[in-house]
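The values are calculated or read from the model by the stated rules, or taken from the named source; none is laboratory data. What you see is a predicted model; the values in this text were computed from it and never measured. Cβ sites come from the backbone with ideal geometry, for glycine too, and all protein chains shown count toward neighbours.
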Amino acid sequence: MAMRPSPRAIRLAMILLPSVVALAALAATVMIALWLQEKSIRDATAERVQEVASSLAELPQVRATLAANVGAGTPADLADADDLADATSTLQPIADLVAEAAGVYYAVITDDEGVRITHPLASERGIQVSTTNESVLAGTPFLGTETGPSGRSLRAKVPVRGADADVVGMVAVGVLESDIESQRVEALAGLLPWAAGALVVATIVSSLVTAAVERRFRRLDGLAAEHAQMQRTTAALQEQAHEFHTRLHVVHGLVTAGEPHAALDYIEDVVAVSDATPGGAPGEGGGAEGGVAASALRDAAMHAIRADLLERGALAEFDFEPGADLDDDVVSILTNLSRNAGEAGASRVRCTLRRSGDRLYGAVDDDGPGVDRHVAARIFTRGLSTKADADGRGRGIGLDLVRRLVTSRDGSVEVGASTLGGARFSFELAART
């Protein structure tokens, strides 16, 4: 399974992204500019050698001199430098002048067999051209890069035609690749200051964008912290409302049962009222919950659970062992588990409670749809609920509260299948002495 990047890594990437994009765009721009510059230099050089070769081939003196030397040699017996000496003395100055004026490395003129009449190197005169010449002497111009005696060069070759349009020789004009490379380096040197300036601008802009993104993240961090605090506050208020609703039912049950003093004692135990009441000081009396008699609290708890379930269309059954005295924690556990059963769709809920030594054992069974085995392992997680939050009090609170109450008293709670056909929540915890 592929690992997902952490939020910290994503945040770092988003902060660095503007700089990376700016530098990448600058690098791409420089590379494209260099490519275009080199292409421009090469295209201009190719056009220049073609124009020089064509112009030199059209000169009347070149055409007349070559036409006069057609018979100086044959394919089987090529002319040499001595045979072409007169033609060389006539055409070499012209070739040198054209080459210097046009800024090309060489301008070579050959006879109709491709033997050089002119060349910048005297040793190469009177020698047949070793590169492309047959197609040119057949009448087809050539443009390309070849390696000759002077090195690798970009060259153009053009046939020279006599008065009767027959090919009487050719002109080859070339520029060394090393010279083209030198022009490219010069162009690069001219481009570097602009690239450096663009780099400075890109760095400044990317720094400003990065700072803006960082400020945005800090603001979002602040909002996230406020939201988290608000969630914690909301969760606490939801939990208080949840328990307040349960305790109101207990108080209502005590008052309904004609136990107003027990109701006051229960309220004082819950909210730690410090003033004395007609029923005595808080904590006095011998009940399971301080001043609240065990039987009164048991009756009130059953009343609270029964009333809560009736609101949801369910009936409550109770099986409390006489010695298993209820306290506020146990009442809260039973009430929340019963409410959960009613909200799940149960029509019958049974609460049981036993005491063995210093431990209390309880269970809440129902005839509802039960708990899916895939959800059972996470059922006590806060916020987890399969029911809609119709009353706005928040969901996934009751079972989490049950878990915390049980574990705070060295106990545990489990969920399984009930003999009633639905779910069974069983718990055990330390009894209060």
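Brief remarks on what is shown
- Some residue of region 91-99 being in the same structural domain as Glu47 (by TED's automatic domain parsing), assigned to a loop (DSSP other than H, G, I, E, B) and either buried (at least 23 other Cβ atoms within 10 Å of the Cβ) or at pLDDT below 90 (or both): no
- Residue selected from region 299-348 under the condition outside any loop (DSSP other than H, G, I, E, B) and either without any contact (Cβ under 8 Å) to a residue 24 or more places away in the chain or outside the structural domain of Asp372 (by TED's automatic domain parsing) (or both), by the criterion surrounded by the fewest Cβ atoms within 10 Å (Cβ to Cβ): Leu310
- Which listed residue is in the same structural domain as Asp367 (by TED's automatic domain parsing), more than 21 Å from Val402 (Cα to Cα), assigned to a helix (DSSP H, G or I) and at pLDDT below 70, from His245, His249, His261: His261
- Tally of residues being closer than 17 Å to Ala156 by Cα and touching a strand residue (DSSP E or B) at 6+ places or on another chain (Cβ under 6 Å) across region 63-111: 11
- Filter pass, Leu429 being farther than 21 Å from Arg306 by Cβ and either at pLDDT 90 or above or not assigned by TED's automatic domain parsing to the domain that holds Asp319 (or both): yes
- Residue ID - surrounded by the most Cβ atoms within 10 Å (Cβ to Cβ), chosen from residues in region 163-184 that are under 15 Å from Glu113 (Cβ atoms) and not aliphatic (A, V, I, L, M): Gly169
- Checklist (1) among the small types (Gly, Ala, Ser); (2) in a helix (DSSP H, G or I); (3) in contact (Cβ under 8 Å) with a residue 60 or more places away in the chain applied to Gly362, failing item: (2)
- Out of Arg395, Arg378, one residue alone is assigned to a loop (DSSP other than H, G, I, E, B), at pLDDT below 95 and touching a Ser or Thr at 6+ places or on another chain (Cβ under 7 Å). It is Arg395.
- Ser55 free of Cβ contacts under 8 Å to residues at least 12 places away in the same chain and assigned to a helix (DSSP H, G or I): no
- Condition check for Val270: at pLDDT below 65 and under 25 Å from Ala341 (Cβ atoms): yes
Every residue, every condition in (1) in contact with a helix residue (DSSP H, G or I) (Cβ under 8 Å, 6 or more places away or on another chain); (2) crowded, with 19+ Cβ neighbours inside 10 Å; (3) free of Cβ contacts under 8 Å to residues at least 24 places away in the same chain, yes or no:
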{"position": "Ala81", "(1), (2), (3)": "yes, no, no"}
{"position": "Leu84", "(1), (2), (3)": "yes, yes, no"}
{"position": "Tyr106", "(1), (2), (3)": "yes, yes, no"}
{"position": "Ile109", "(1), (2), (3)": "yes, yes, no"}
{"position": "Gln128", "(1), (2), (3)": "no, no, no"}
{"position": "Glu134", "(1), (2), (3)": "no, no, yes"}
